[in-house]
Every structure is written in structure tokens, then in C-alpha cells.
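Okay, structure first, notes after.
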Amino acid sequence: MTSEGAAQAPDRLDDDAGSETPESPTFDTSVAHIARVYDYWLGGKDNYAADRAAGDAALQAYPDLASSVRVNRAFLARVVRYLTTAGIRQFLDIGTGIPTSNNTHEVAQSVAQDSRVVYVDNDPIVLSHARALLTSSPQGATDYIDADLRDTDRILAEAARTLDFTRPIAIMLIAILHLIGDEDDPAAIVARLLDAVPPGSYLAISHVASDIEPEKMAEMRERLNRMVSQKGTYRTQAEVSSFFSGLELVRPGVVRIQEWRPDAELEAKRPAAMWGGIGYKR
Ligand SMILES: C[S@@+](CC[C@H](N)C(=O)[O-])C[C@H]1O[C@@H](n2cnc3c(N)ncnc32)[C@H](O)[C@@H]1O
């Protein structure tokens with residue numbers, strides 16, 4: 001599903017469970033899915049009773065979560081602006097989420113209209129909204145791939161329809177790696193993606209922390225893992241930093257996401273329990 005600059009109307013689902021478009025399979029609304037729970041935390045409308053129940057249980061354990069998800073979206077926008085300003089014109093955004101404001105291509109193309117963005121997610125509800133992600137500027141392009149982060153061969157093969165793998169690419173893993181358990185070897189997944197991109201490319205990560213407000217985060221993780229189909233593995237600053245192995249860390253390194261090049265002093269003080277950073281492949 002590609003868009004070479006063709007603006008299309010956003011595709012909204014009815015609020016009823018199980019709505020379908022020709023592009024979307026039926027999805028199970030009786031079990032919470034992290035894409036819809038995240039949408040609930042962000043104040044979106046694409047969530048169902050099970051998602052809201054899981055979302056509320058997590059908010060009770062960690063009330064600053066409502067701030068944390070917004071701080072994460074602001075981090076994403078700052079990262080994309082940084083990368084585009086640094087000359088990057090190609091983005092591989094894996095774990096896209098349900099479209100919201102400031103999607104990657106919107107931020108990138110507001111700086112450089114010729115930016116090309118490939119989105120990847122494995123949740124049927126995100127697929128059902130994919131058209132909203134394909135509203136590229138005429139000079140750029142967007143594409144959507146329905147795939148699992150663990151299936152790197154498929155992601156790389158399909159992304160090559162839109163991205164030129166001989167030129168630098170920013171790999172965006174924003175709030176997704178904590179949904180990959182250690183049994184799936186997330187470091188090897190990151191390494192396979194990095195092997196496929198040339199020098200001059202970047203890796204951007206944000207990741208839920210296990211060592212910021214550790215008691216609250218442990219309680220939140222336990223509640224979510226009971227109620228949401230995608231299980232979370234929260235990690236320490238050192239564990240998140242290890243995903244950047246072999247890369248040059250862009251200053252200030254792997255830090256609390258609100259402290260990563262904040263636009264304003266107030267922004268740096270907003271609560272969020274996530275680590276984030278950018279690495280450069282020399
Ligand atoms: C917490 S949301 C983050 C959305 C967006 N990146 C952001 O930070 O605002 C995580 C997204 O990753 C997707 N996801 C989770 N596990 C995945 C996997 N194994 N492969 C592809 N997508 C996955 C979920 O469906 C969800 O849309």
C-alpha cells in the first residue's frame with residue numbers, strides 16, 4: 001500500500017466493535033490490544049471496553065502515564081525534526097500505532113517535503129487506519145506494511161519498494177521494543193535492521209523504563225501483562241543503551257525522553273518513565 005504524494009481522506013472506524021474496511025480483517029475487541037490502549041491513553045476514540053479497562057488499571061498503578069505517553073509523542077516529533085534537519089529523508093517507522101497528530105511523515109515533510117516514510121505495524125486496527133498514514137506531500141512518499149517487527153526479512157524486502165537502501169535511513173523504534181520479550185532477542189532484531197542500512201543512517205528508540213519509579217512501573221507492567229495481549233518487558237537505562245551498540249550516540253545520549261533536547265524547560269520537567277536516544281551509524 002503506497003502513496004506517492006496522493007492525498008487521501010483519513011479512514012475512521014465506527015465506534016462499534018469489529019468494523020471492517022476492505023483493507024482490514026476483523027479484530028477481536030474482547031481482549032485489550034496495546035495499540036488501542038495507547039490510543040485510549042492519548043485521548044483517542046479507537047478503543048473498546050477491554051482496552052479502556054486495561055488502560056485504567058495501568059493508570060491506577062502509574063498515574064503519570066497520561067503524561068508519559070504525551071511526552072513520548074513529543075519526543076518522537078523532536079527526533080524526526082532533528083533527523084530531518086540533519087539531512088535524513090528516509091524513515092522506517094516500526095510500531096507506528098493508530099494515526100494521531102504529528103505522525104512521522106507529517107513532521108518530516110513539514111521540514112523537508114521530499115521525505116519518504118515507511119510505516120510498519122502488526123495490529124489489524126492500525127492497518128484499518130493505514131490510509132490516514134498515506135497522505136504524503138506530492139514531493140515525498142509514504143507506504144504501510146502490515147508486518148511483525150520480528151520478521152525483519154519481510155520488512156526490509158517490502159520497505160525497499162519505497163526506500164533506497166543505498167542512502168541513509170532512520171530506523172524508528174518508538175515505544176515498541178518493550179513489547180519484544182528477551183526470548184525474541186530484540187538486540188538481534190535491531191542489529192539485523194542496522195545491517196541493512198548504509199553508513200550515515202540513524203537508529204531512534206524510546207523504551208519504557210524499569211528503573212524509573214520502579215515499584216509503580218512493576219505494578220503497571222504486571223497489570224497490563226494480565227490484561228493486554230502483547231506482553232511488556234521494561235528495561236533499565238543500561239539495557240536500552242545496549243541496543244545502540246556499535247553506533248555513535250547523539251548527545252545527550254540515552255536519557256529520560258523529556259530530557260532529550262527539550263524545546264522548553266517546562267517540557268523537560270513533564271513526568272515520563274521512558275528512556276530514549278538516537279544513534280548514528282558511521
Ligand atoms: C505503544 S504503541 C507506539 C506507537 C508509536 N510508535 C508512538 O510511539 O507513539 C506500540 C505499537 O507497536 C505495535 N507493535 C507491538 N508489537 C509489534 C510487533 N511485534 N511488530 C509490529 N508492531 C508491533 C503495536 O501494535 C502498537 O501500534
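The values are calculated or read from the model by the stated rules, or taken from the named source; none is laboratory data. Just so it is clear, the model here is predicted, and its values are computed rather than measured. Here Cβ is always computed from backbone atoms with ideal geometry, including for glycine, and neighbour counts include all displayed protein chains.
Structure summary
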quantity: Residue list for the range 100-117, filter: in contact (Cβ under 8 Å) with a residue 40 or more places away in the chain and in a helix (DSSP H, G or I); calculated: 104
quantity: Selection status of residue 135, β-branched (Val, Ile, Thr) and either buried (at least 21 other Cβ atoms within 10 Å of the Cβ) or touching a Leu at 6+ places or on another chain (Cβ under 8 Å) (or both); calculated: no
quantity: Every residue from the range 86-99 that is of a type outside the set (Val, Ile, Thr), part of a loop (DSSP other than H, G, I, E, B) and within 13 Å of the ligand (Cβ to nearest atom); calculated: 95, 97, 99
quantity: Residue among 94, 98, 155 that is closer than 30 Å to residue 31 by Cβ, at pLDDT 95 or above and out of contact with any Phe, Trp or Tyr (no Cβ under 9 Å at 6 or more places or on another chain); calculated: 155
quantity: Residues that are closer than 17 Å to residue 171 by Cα and either surrounded by fewer than 24 Cβ atoms within 10 Å (Cβ to Cβ) or among the hydroxyl-bearing types (Ser, Thr, Tyr) (or both), drawn from the range 117-126; calculated: 119, 122
quantity: Cβ-Cβ under 7 Å pairs, at least 6 apart or on other chains, the range 58-71 side among the β-branched types (Val, Ile, Thr), far side in a helix (DSSP H, G or I) and at pLDDT 95 or above; calculated: 69/38; 69/41; 71/257; 71/258
quantity: Enumeration of residues in the range 241-263 that are part of a loop (DSSP other than H, G, I, E, B) and under 26 Å from residue 59 (Cα atoms); calculated: 254, 260, 262
quantity: Looking only at the range 118-141, and only at residues there that are closer than 20 Å to residue 39 by Cβ and in a strand (DSSP E or B), the one that is nearest to the ligand (Cβ to nearest atom); calculated: 121
quantity: Per-region count, the range 166-192, residues buried (at least 21 other Cβ atoms within 10 Å of the Cβ), within 14 Å of the ligand (Cβ to nearest atom) and either more than 13 Å from residue 205 (Cβ to Cβ) or not β-branched (Val, Ile, Thr) (or both); calculated: 7
quantity: Which numbered condition residue 82 fails, given (1) under 14 Å from the mean Cα position of the chain (by Cα); (2) aromatic (Phe, Trp, Tyr); (3) part of a helix (DSSP H, G or I); calculated: (1)
quantity: Criterion: surrounded by 19 or more Cβ atoms within 10 Å (Cβ to Cβ) and not hydrophobic (A, V, I, L, M, F, W, C) - qualifying residue of 148, 56, 51; calculated: 51
quantity: Among (1) surrounded by fewer than 24 Cβ atoms within 10 Å (Cβ to Cβ); (2) modelled with pLDDT of 95 or more; (3) small (Gly, Ala, Ser), the one test that residue 108 misses; calculated: (1)
quantity: Test: residue in the range 151-165 that is crowded, with 22+ Cβ neighbours inside 10 Å, within 15 Å of the ligand (Cβ to nearest atom) and of a type in the set (Gly, Ala, Ser); calculated: yes
quantity: Out of 38, 62, sole residue that is among the aromatic types (Phe, Trp, Tyr), more than 18 Å from residue 280 (Cβ to Cβ), within 12 Å of the ligand (Cβ to nearest atom) and out of contact with any strand residue (DSSP E or B) (no Cβ under 8 Å at 6 or more places or on another chain); calculated: 38
quantity: Among residues of the range 193-221, those that are touching a residue at least 40 places away in the same chain (Cβ under 8 Å), among the hydroxyl-bearing types (Ser, Thr, Tyr) and more than 14 Å from the ligand (Cβ to nearest atom), counted; calculated: 2
quantity: Scope the range 255-282; condition touching a residue at least 40 places away in the same chain (Cβ under 8 Å) and within 26 Å of residue 218 (Cβ to Cβ); matching residues; calculated: 256, 257, 258, 260, 270, 271, 272, 273, 274, 275, 276, 277
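Every residue, every condition in (1) closer than 28 Å to residue 144 by Cβ; (2) touching a Ser or Thr at 6+ places or on another chain (Cβ under 8 Å), yes or no:
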position	(1), (2)
187	yes, yes
218	no, yes
255	no, no
268	no, no
